[in-house]
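Some notes on the structure that comes next.
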Amino acid sequence: MDKLKVGIIGCGNIFPMHAASIQLTDLAELKAVCDNKEDRARQAAEKYNCNYYTSYEEMIDKEELDVIHICTPHYLHPPMTIYAANKGKHILTEKPMSTKLEDAKAMVEACEKNNVTLGVIFQNRYNPGSQLIKSAILDGSLGSVLGAKCSVTWNRSDHYYSGSDWKGTWDKEGGGVIIDQAIHTMDLMRWFIGEEIEYVDAQIGNRAHEQIEVEDSAEGVIKFRNGVFAGFFAVNYYSYDAPVEIEIHCMKGTAKMVAEKATITYNDGTIITREKNPNEIIDYGEGVKIYWGVSHSKQIRDYYDALRSGKPLYIDGKEAFKTQEMINAIYTSGKENRRIVFPSPE
């Protein structure tokens, strides 16, 4: 079986996770890369022995590609996805889908119209601890969910933002601590609960940064249609990147995740733990943050398995849209100081 031919748009920080993961699978091969900074595109092409472009439209038009990976700033995800979909290409994009909810909806619709597969990276769902908690909820061993909470307290200095021409802006990044740092934790909490959202009530603010227009702090509540209240707290002005925490309180026990380690404490005293396998190591190259781990590769492999087999995608555009809807509701609630009530499911 011929390998799927792949192009990557964006050769920045997250690029190695995608390029190396494509190399590791026997289902796909990297044929072209694109970046608007030519030196960066050239270096990536030399390393991975492929063609390079500075225009993503030109790459898609000239190369006979099956799949496009999108690793660019948030605001570029929708136009790139829609262009690729209209050319009949499957798409795997980094989170978040977009900065605006209507753009995320347009991405899903374009892929459905052109019968191509849209995947969105939320790799932390593939962590062993995440899988343990989700399985215990699905198989009923934890009983029904009663409540949930999560916290993200990290550090992103003004210097971090000054080194970027798009981070810290509403129009290009779409927000701050919620859409960039806390989104993975928020996604996991929503996924664990596994119910439709009834409303979001949140507050956001910039309390410690001088050079950004977006929020560096957020807190609030998400009420789900099964009656569960989930609280969240996120800041990116803490002194270091503290381990993220998620707690799911259930009828038969409590599941807690600290960083990647999950601990389930059942009411009968039984305790089960799971964390990342220290033997699962991927060398993504120099400069790649070690805590990003191997789950990117797991999700990318799963994406290609789904393309080949025709099985449903684990995290498709419609599933990721639910998290996008939650994130955008937090921003609307915080900006307008009002509760955002979700429409009833069809």
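The values are calculated or read from the model by the stated rules, or taken from the named source; none is laboratory data. Keep in mind that this is a model prediction, so the values were computed, not measured. Note that each Cβ is placed from the backbone with ideal geometry, even for glycine, and that neighbours are counted across all protein chains shown.
Points worth noting:
- Each residue in the range 255-286 was checked for being at pLDDT below 95 and not aromatic (Phe, Trp, Tyr), and 12 pass.
- Some residue of the range 165-179 being outside any loop (DSSP other than H, G, I, E, B) and more than 21 Å from THR332 (Cβ to Cβ): no
- When each of LYS289, LYS322, LYS318, LYS252 is tested for being modelled with pLDDT of 95 or more, within 30 Å of GLN23 (Cα to Cα) and surrounded by fewer than 19 Cβ atoms within 10 Å (Cβ to Cβ), the lone residue that passes is LYS318.
- Within the range 261-278, the set of residues being in a strand (DSSP E or B) and either of a type in the set (Lys, Arg) or over 22 Å from the mean Cα position of the chain (by Cα) (or both) comprises LYS261, THR263, ILE264, THR265, TYR266, ILE271, ILE272, THR273, ARG274.
- Wholly enclosed strands (runs of 3 or more DSSP E) of the range 17-126 bearing at least 1 residues free of Cβ contacts under 8 Å to residues at least 60 places away in the same chain, closer than 29 Å to TYR331 by Cβ and touching a Cys at 6+ places or on another chain (Cβ under 8 Å): 90-93
- With respect to the conditions (1) under 21 Å from TYR304 (Cα atoms); (2) surrounded by 18 or more Cβ atoms within 10 Å (Cβ to Cβ); (3) hydrophobic (A, V, I, L, M, F, W, C), LEU24 falls short on a single one, namely (2).
- Selection status of GLU247, more than 30 Å from PRO78 (Cβ to Cβ), surrounded by fewer than 21 Cβ atoms within 10 Å (Cβ to Cβ), modelled with pLDDT under 95 and among the acidic types (Asp, Glu): no
One line per residue, one yes/no per condition, for (1) among the charged types (D, E, K, R); (2) under 19 Å from the mean Cα position of the chain (by Cα); (3) within 27 Å of PRO128 (Cα to Cα):
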| site | (1), (2), (3) |
| --- | --- |
| ASP158 | yes, no, no |
| GLY176 | no, yes, no |
| GLU210 | yes, no, no |
| GLU213 | yes, no, no |
| VAL235 | no, yes, yes |
| ILE248 | no, no, yes |
| GLY253 | no, no, yes |
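- Filtered by the rule that a residue be of a type in the set (D, E, K, R) and closer than 22 Å to GLY194 by Cα, the range 301-345 gives ASP302, LYS311, ASP316, LYS318, GLU319, LYS322, GLU325, ARG339.
- Of the strands (runs of 3 or more DSSP E) lying entirely inside the range 190-258, those containing at least 2 residues that are small (Gly, Ala, Ser) and in the same structural domain as PHE321 (by TED's automatic domain parsing) are 197-205, 217-224, 229-235, 253-258.
- Residue within the range 325-337 that is over 21 Å from CYS71 (Cβ atoms), in the same structural domain as GLU196 (by TED's automatic domain parsing) and not in a helix (DSSP H, G or I) present: yes
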